[in-house]
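S.K.: Here you go, one structure.
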């Protein structure tokens, strides 16, 4: 009954990061299969599993679960002791609200600041709608921390205390804010640092940086590709 | 401990329809507060109920839950006997996948065919990306029906959260006269025949607020030239 998680490139696939980091932090064992976007493997394997032809996909025996949010709900049910949603019903309701808001929203931010772990950290100018998204997310994080995070039974520096599904949904946002050096309040930065200090986050980032694939559409300065000096700059 | 659901106009607010129809179909009692959207004072009125300025929002005592899918999850937990999600865990997993797909996807269909229940039923030409959305939705419905829908006319047999998520799509396919298979049409007819749907629809027909951006035949509204 081993679980298998099919994901895209770690450097660019923000959706893939969500279930991966949730499972890894919770200590849920799974087999990982990376299938790079725009490869023959991707075109052959992914649509045969899910007609959405999108990753991530979780396979549990003969069950195929797609959509990061649906995978997180599935995991929360299957592993109730992992604490993926907060135990308190009010906190859990709010965790779902913010997870859902991420799932369906913040398009300006997602379009303007694509996840790109290997990119050298360079500030990017933000159009007004993106700034609006940033302010909204910062307010949402602060609200979760103040109302639930600081008084959670399972304590910790995350949105609802211990790391869970809501944090997993926002993990790619943490990466975006960091990579493009978005100006944020000290409280937001502390939250980002807590997420980025997780061994799971570091492991994902290291694997992402080691990947060979380049995507023009996610390289915002294309044809220039900025890479951290430690990994060789090709600017 | 009574529930209050704050919604937008029934004729246009597709997100509002979702939790409303789920609760009605499940027989969950609630108080409805309707705020017509995009009118003078709408935003201020919504903020009284919804700090994020969004509808639908469900109030349950001190809990305020917005976002249609979060509300549906909340209701499923609070009223387990309503069986808003299928009881079988494999079926439930599929119901959540297809609900999440609706929640975050099908932008072309949502943009080109905004929900408008009083729109005269007529085929209106649509770009290929809308037709691709329709194809995908038909495949989802057929798959759910084939695997888990034997016990009733809905996606997972009896009416539940997945049907609620797709209820506005039923309206879009119907009013915009999009070409669908007989099996799809049978599912649409089953949804549109529920008492909950009839109640929402009849209330929508009595509304008088017109949103020009959601009227594809403008300056015709309900077949009548306005302005």
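No value in this document is a laboratory result; all are computed from the given coordinates. This one's a predicted model, so the numbers in the text were calculated from it and none came from an experiment. No Cβ is skipped: glycine too gets one built from the backbone with ideal geometry, and neighbour counts run over all protein chains shown.
S.K.: Which whole-number percentage describes the relative contact order of segment A:1-97, with Cα contacts under 8 Å and a sequence gap of 6 or more?
M.R.: For segment A:1-97, the relative contact order is 29 percent.
S.K.: To continue, here is another question. Please compute the length gained on full extension between residue B:79 and residue B:48, using 0.36 nm multiplied by the number of residues separating them and subtracting their Cα-Cα distance. Could the numbers behind the result be given before it?
M.R.: On the way: separation 31, 0.36 × 31 = 11.16 nm, distance 2.68 nm.
Taking 0.36 nm per residue and subtracting the Cα distance, the gain is 8.5 nm.
S.K.: If Rh is defined by the Kirkwood formula over all Cα pairs and Rg also comes from Cα, what ratio Rg/Rh do you get for chain B?
M.R.: 0.95
S.K.: Something else now. Starting from the Cα of residue A:63, step 7 Å along the direction of its Cβ; do the same at residue B:146; then give the gap between the two resulting points in nm.
M.R.: Simple spin-label model gives 2.1 nm for this pair.
S.K.: So what is the relative contact order for chain B, in percent, with contacts set as C-alpha pairs under 8 Å and at least six apart?
M.R.: Reported relative contact order: 25 percent.
S.K.: Give me the compactness ratio for segment A:111-235, meaning the Cα radius of gyration over 2.2 N^0.38 Å.
M.R.: Expressed relative to 2.2 N^0.38 Å, the Cα Rg reads 1.12.
S.K.: With label points built 7 Å along Cα→Cβ from the Cα atoms of residue B:87 and residue A:147, find their separation and express it in nm.
M.R.: 3.4
S.K.: How high is the relative contact order of chain A, in percent, counting Cα pairs under 8 Å that sit 6 or more residues apart?
M.R.: The normalised contact order for chain A reaches 24 percent.
S.K.: Could you work out how far the C-alpha centroid of segment A:81-106 sits from that of segment B:159-227, in angstrom?
M.R.: 31
S.K.: Could you calculate the contour length gain from residue A:124 to residue A:90, that is, 0.36 nm times the residue separation minus the distance between their Cα atoms, to one decimal place in nm?
M.R.: Stretched out fully, the residue A:124 to residue A:90 stretch lengthens by 8.5 nm.
S.K.: In the protein assembly as shown, what % of DSSP beta bridges are antiparallel (nearest 5)? Spell out each step's value before the answer.
M.R.: Details: 20 of 29 bridges.
In the protein assembly as shown, approximately 70 percent of DSSP beta bridges are antiparallel ones.
S.K.: Once a ≥ b ≥ c are taken as the square roots of the eigenvalues of the Cα gyration tensor of segment A:148-209, is the result rounded (a/c under 1.5), prolate (a/b larger than b/c) or oblate (a/b not larger than b/c)?
M.R.: It comes out oblate by the Cα gyration axes.
S.K.: Here is a further query. How big is the gap, in Å, between the Cα center of segment A:12-64 and the Cα center of segment B:59-97?
M.R.: About 25 Å separates the Cα centre of segment A:12-64 from the one of segment B:59-97.
S.K.: How large is the Kirkwood hydrodynamic radius of segment B:132-227, in angstrom, based on all distinct alpha carbon pairs? All intermediate terms of the calculation are to be shown ahead of the outcome.
M.R.: Working: mean 1/r = 0.0675 Å⁻¹.
Evaluated on segment B:132-227, it is 14.8 Å.
S.K.: Another question, then. Using the beta-carbon distance between residue B:186 and residue A:154 and R0 = 51 Å, what value does 1/(1 + (r/R0)^6) give for FRET efficiency, to the nearest 0.05?
M.R.: 0.60
S.K.: Which shape class applies to segment B:1-114: rounded if a/c is under 1.5, otherwise prolate when a/b exceeds b/c and oblate if not, where a ≥ b ≥ c are the square roots of the Cα gyration tensor eigenvalues?
M.R.: In terms of gyration-tensor shape, oblate.
S.K.: At a 10 Å Cβ-Cβ cut-off, how would you order A:72, A:159, A:140, fewest neighbours first?
M.R.: By the 10 Å Cβ count, ascending: A:140, A:72, A:159.
S.K.: Looking at the calculated P(r) for segment B:104-179, what percent of the C-alpha pair distances fall above 21 Å?
M.R.: Details: 824 of 2850 pairs.
In whole percent, the share of Cα-Cα pairs in segment B:104-179 beyond 21 Å is 29.
S.K.: So if R0 is 30 Å, what FRET efficiency would residue A:41 and residue B:129 give, r being the distance between their Cβ atoms, rounded to the nearest 0.05?
M.R.: On the way: r = 26 Å, r/R0 = 0.86.
E between residue A:41 and residue B:129, to the nearest 0.05, is 0.70.
S.K.: Would you please give the FRET efficiency between residue B:38 and residue A:32, computed as 1/(1 + (r/R0)^6) with r the Cβ-Cβ distance and R0 = 51 Å, to the nearest 0.05?
M.R.: 0.65
S.K.: How do B:4, A:179, A:52 line up, fewest other C-beta atoms within 10 Å first?
M.R.: Least to most surrounded, the residues fall as B:4, A:52, A:179.
S.K.: Quick one: grab the alpha carbon gyration tensor of segment B:1-64, order the square roots of its eigenvalues as a ≥ b ≥ c, and give me rounded if a/c is under 1.5, else prolate or oblate depending on whether a/b is larger than b/c. Mind showing how you got there, number by number?
M.R.: Numbers: a/c = 2.40, a/b = 1.30, b/c = 1.84.
In terms of gyration-tensor shape, oblate.
S.K.: May I ask for the Rg/Rh ratio of chain A, computed from Cα atoms with Rh as the Kirkwood radius, given to two decimals?
M.R.: Numbers: Rg = 17.3 Å, Rh = 18.2 Å.
Result: Rg/Rh = 0.95.
S.K.: What list do you get for B:194, B:208 if you sort them by fewest beta carbons within 10 Å? Please report the intermediate quantities before stating the final value.
M.R.: On the way: B:194 18, B:208 7.
In increasing order of surrounding Cβ atoms, one gets B:208, B:194.
S.K.: Evaluate the protein assembly as shown: find the radius of gyration of its Cα atoms, find its Kirkwood radius, and give the ratio Rg to Rh.
M.R.: Values: Rg = 22.3 Å, Rh = 23.3 Å.
Across the protein assembly as shown, the Cα-based Rg/Rh ratio is 0.96.
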